[in-house]
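These notes concern the structure reproduced below.
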Amino acid sequence: MIPSWRVWATGLLLVWSAILPARAMAAEGPTIKTVVSVVGPRNLSYLPIDLVPRIGADRDEGLEVQLKHVEGGGIAIKEMVSRNSDFSVVGFPALMSLKAHGGELVGVAAVSDVPQFVLIVRAALQGEVRRIADLKGRIIGVHTSAVNAKTVAQQLLELLLRSDGLQPRDARVISTGQEWAKRTAMLDAGQVDAIVSEEPFASSLLAQGKVFFLVNLAEPETTRHIIGAQVLHAALATRPDVVAQEPEKVKRLVAALGRSLRWIAGHTPEELVERLGVNDADERAQILLCLHKYPRLFSKDGAFSQKQIDETNRFFHASTPEATAIRMEDLINDRWAGRKE
């Protein structure tokens, strides 16, 4: 009879013999360095790219990823266009807006599944603002604004205003930045009446009683009348020259992102925040609250879905009616991430 320890050892050897060649193939060749500009750190929609170096997904694919955190999607795009980064994670409608203004970037993988933008309003206005039309003449903030490429927050605000009979000029739009303390102070001082916000900032202010939710894209029952409400919120994007000249770099980063998305799908929110190193108790609590609240926040595999493509086209064309010739399917390269229904 073969000793049990020898059976166990043989089995372990077989497992590692299967794993090691796969890892060797994934990291074959010299390590490639790349810079990714992304809103954050630890902005909820972009957690999968923050996780990539935390779990060694880049190393496993022969990459060394440097994350360059910025205050908004417009800045992330500018960093990429200016060649300060090779990739960024941004809202896909922003790429379409850039195309409308003569620029061009290409999406190579989906990061989000369900969008989670929230239109929050100062709590003091709860009796006055009951619908979007009540924001006429009010001051509304977005984290960044841009001329050459409207961010998704800008486009969403214009779409929301139009959905209730207003025009973008009927409200005063200002940039609030991404810093929580600054945006909270602006709300407290009445310098802004509403903000198109991302999570977990919105839920944090809601818990403090400082705001109420007027529209939440992650709650379909409240957004049925909003065209393209299931827009592709976050996508991995790059320049066409990177795709043409450095396809191996694109391939490896898309694969690393896929590892990150699968890791998230297979672990609890608590394990995710632990791996991300979220040490501040309040920040940890708010991220966990949102991760449990929005279980469909992230793509499972990075593939572009036809539903997202259709919804993103509807969203962009409704918010930017002068650019209906621009379509999402013309601005994606699904060679590495794939496409699904």
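The values are calculated or read from the model by the stated rules, or taken from the named source; none is laboratory data. Note that the structure is predicted; figures quoted are calculated from it, not measured. Glycine gets a Cβ as well: all are built from the backbone with ideal geometry, and neighbour counts include every protein chain shown.
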When both residues are 6+ apart or on different chains and their Cβ atoms are under 7 Å apart, which pairs have a first residue that lies in the range 263-282 and is assigned to a helix (DSSP H, G or I), and a second that is among the aromatic types (Phe, Trp, Tyr) and at pLDDT 95 or above?
ILE264/PHE298
Give the number of residues within the range 297-308 that are surrounded by fewer than 20 Cβ atoms within 10 Å (Cβ to Cβ) and either in contact with a helix residue (DSSP H, G or I) (Cβ under 6 Å, 6 or more places away or on another chain) or of a type outside the set (Gly, Ala, Ser) (or both).
4
Residue among ILE227, ILE195, ILE139 that is within 15 Å of PRO115 (Cβ to Cβ), in contact with a Lys or Arg (Cβ under 7 Å, 6 or more places away or on another chain) and either of a type in the set (A, V, I, L, M, F, W, C) or in contact (Cβ under 8 Å) with a residue 40 or more places away in the chain (or both):
ILE227
Qualifying residue in the range 248-260 (condition: surrounded by 15 or more Cβ atoms within 10 Å (Cβ to Cβ) and either within 30 Å of PRO168 (Cβ to Cβ) or acidic (Asp, Glu) (or both)):
no
Residue hits (the range 128-157; of a type in the set (Lys, Arg) and at pLDDT 85 or above) are ARG130, ARG131, LYS136, ARG138
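Of the residues that sit in the range 52-79 and are assigned to a helix (DSSP H, G or I) and under 16 Å from the mean Cα position of the chain (by Cα), which one is farthest from GLU311 (Cα to Cα)?
Taking the range 52-79 first, the residues assigned to a helix (DSSP H, G or I) are 52-54, 57-60, 73-79.
Among the residues that remain, those that are also under 16 Å from the mean Cα position of the chain (by Cα) are: 52, 73-77.
On the way: VAL52: 28, GLY73: 20, GLY74: 21, ILE75: 25, ALA76: 23, ILE77: 22 Å.
That would be VAL52.
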Quick check on this structure: which one of ALA124, ALA133 is over 18 Å from SER197 (Cβ atoms), more than 24 Å from the chain's Cα centre (by Cα) and either crowded, with 22+ Cβ neighbours inside 10 Å or small (Gly, Ala, Ser) (or both)?
ALA133
Output the residues belonging to the range 69-119 that are at positive phi and of a type in the set (Lys, Arg).
ARG83
Can you list the strands (runs of 3 or more DSSP E) lying wholly within the range 93-200 that have 2 or more residues being touching a helix residue (DSSP H, G or I) at 6+ places or on another chain (Cβ under 8 Å)?
106-110, 118-122, 139-142, 194-197
ASP164 versus (1) surrounded by fewer than 24 Cβ atoms within 10 Å (Cβ to Cβ); (2) of a type in the set (D, E, K, R); (3) in contact (Cβ under 8 Å) with a residue 40 or more places away in the chain: which is the lone unmet condition?
(3)
